[in-house]
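Remarks on the structure that follows.
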Amino acid sequence: MPVVLRRRVAVSALVVALATAAAAAAVATSKTTATKGGTLSATLSDATGKKVGTVRFIPGRNGRYEVRSSLRSLSAGFHGMHIHEVGVCDPAAKDPAGAPAPFNSAGGHLKSDAAQTHSDHAADLPPALVLRNGTAKSSAVTDRLTVANLLDANGSAVMVHVGEDNLANIPPRYHAHTPDASSTTFGPDAATLATGDAGGRAACGILRKSSR
Ligand SMILES: [Cu+2]
Ligand SMILES: [Zn+2]
C-alpha cells in the first residue's frame, strides 16, 4: 500500500475510533444524568399519621437506583410497593365517588412513557414481604427511573399497599366479571393493568432529596 493511502486509512480509522468514543461518552453522560443529585428518600406514614419507615433511592452505576426499604408496623405478608406520580400524601383523600381513600392524592403509578401498563410502569417495585413482627426490609435495583421523572414539577410518592400486587400476572384463561362490557376481556383487565390490584393504600411518603 502506498504511504499516502496507508496514512488515509489510519486517519479514517482514528476518526471512527474518536466518533465511537464520543458516542460512548454521550451514553455514559446521559446515564449519569439519570440519577444526578444523589440519594433520594421518603419517610412513610400510615393513614393515622404514624411513621412506618423509610425508603431510600441510592444512585448506582449506569443510571440505576438501588431502592432500599426499612418498614415496620405493617400487617404480615406481601404488600404491593410502587412510586406514585404525585408527591402528595393526604390521609383524608377521597376517591372520585367521594368515599374515603387515604393517599388517593398521590395519583396512579409513575410512568416514563404514557403507554406503559402494570407491571412495566417505571414505578413498579418488587412487593415488600412483611414479617410476623410487622417489619420488612428489602433492596432492589431498578434501571427504570430518573431523577427528572421522580422529582418533576408535581413530585412523586412511595406507596405501600394494603394488599398483594399480582404484577398483572393473570393468565388468559381468566376473564373479567365486571358489570361493563369488559366481561369479554380475558387476562388482566384495565384495572389490573393500571394497579396490579394491590388494594387500598397503607402507607405513603413524599420522595425528596436526602440530606444525608
Ligand atoms: Cu401503588
Ligand atoms: Zn404499576
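Each value in this text was obtained by applying a stated rule to the coordinates, not by laboratory testing. None of the values given here were measured: they were computed from a predicted structure. Neighbour counts are summed over all protein chains in view; Cβ atoms, including those assigned to glycine, are modelled from backbone coordinates with ideal geometry.
Annotation: extensible slack from Lys209 through Arg72 equals 47.1 nm (criterion: 0.36 nm per residue apart, minus Cα-Cα distance).
A Förster radius of 25 Å combined with the Cβ-Cβ distance from Ala194 to Val141 puts the calculated FRET efficiency at roughly 0.50. Ordering 143-151, 110-118 by mean Cβ neighbour count within 10 Å, with the highest value first, yields 143-151, 110-118. Computed from point charges on the beta carbon alone (+1 for Lys and Arg, -1 for Asp and Glu), the dipole magnitude for the range 63-139 about its Cα centre is near 400 Debye.
When only Cα pairs under 8 Å and 6 or more residues apart are kept, what is the percent relative contact order across the range 109-211?
Values: 134 pairs, mean separation 30.9, N = 103.
Answer for the range 109-211 is 30 percent.
With distances taken between every two different alpha-carbon atoms, the range 38-209 has a Kirkwood hydrodynamic radius of 16.4 Å.
A simple spin-label model places the labels of Lys36 and Ala148 0.9 nm from each other, with each point 7 Å out along Cα-to-Cβ.
Close amide H contacts of Phe78 (hydrogens built in the peptide plane, cut-off under 5 Å, sequence separation of 5 or more or a different chain): Val130. Backbone amide hydrogens, once placed in the peptide plane, bring His84 within less than 5 Å of Leu110, Ala157, Val158, Met159, excluding anything fewer than 5 places away on its chain. Annotation: amide H of Leu44 within the under-5 Å range of Val52, Gly53, Thr54, Val55, sequence separation 5 or more or interchain, hydrogens built in the peptide plane.
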